[in-house]
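S.K.: Pasting a structure below so you can have a look.
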Amino acid sequence: MNIMDDSNLIPPSIASSLAEIERSVQRFRSWYSLGADPQRLLTDEIITMRFELIRLWSQIYSEKKL
């Protein structure tokens, strides 16, 4: 059972952000293992993760206000 798929535990909007962060980490690992430039990869993935974390924080904050 994948906890990200259980909407009773994690709302779909939040699970989506968490899944994108996980994909970002996996992309970095894959590209790094292929010998790509780690500095450039890390910069790109940090930007992606930062965007997703901001979106995640916004989702959690808006749900708390309801």
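The values are calculated or read from the model by the stated rules, or taken from the named source; none is laboratory data. Note that the structure is a prediction, hence the values are computed from the model and not measured. Protein only, heavy atoms only, side chains kept; ligands, DNA and RNA dropped before computing areas. Shrake-Rupley method; radii C 1.70, N 1.55, O 1.52, S 1.80 Å.
S.K.: Taking the Cα atoms only, what angle lies between the long axis of helix 38-65 and the longest principal axis of the chain, rounded to 10 degrees?
M.R.: Helix 38-65 sits roughly 0 degrees off the main axis of the chain.
S.K.: So, how do all the Cα-to-Cα distances of the chain break down into 5 Å bins, in percent, from 0 on up?
M.R.: 3, 18, 21, 19, 15, 11, 8, 3, 1, 0
S.K.: Can you give me the angle between helix 12-33 and the longest principal axis of the chain, using Cα atoms only, in degrees from 0 to 90, rounded to the nearest 10?
M.R.: That helix lies at roughly 10 degrees to the long axis.
S.K.: Still on this structure, I have one more. Which of these, Ile21, Ile46, Ile54, has the largest mean-square fluctuation under a Gaussian network model of the chain (Cα springs below 10 Å)?
M.R.: Ile54
S.K.: Could you check which residue among Leu34, Leu18, Leu42 shows the biggest mean-square fluctuation in a GNM of the chain with a 10 Å Cα cutoff?
M.R.: Leu34
S.K.: For the chain, what % of the accessible area comes from carbon and sulfur atoms, probe 1.4 Å?
M.R.: 60 percent
S.K.: In Å², what does the accessible area per residue of the chain work out to with a 1.4 Å probe?
M.R.: Value for the chain: 78 Å² per residue.
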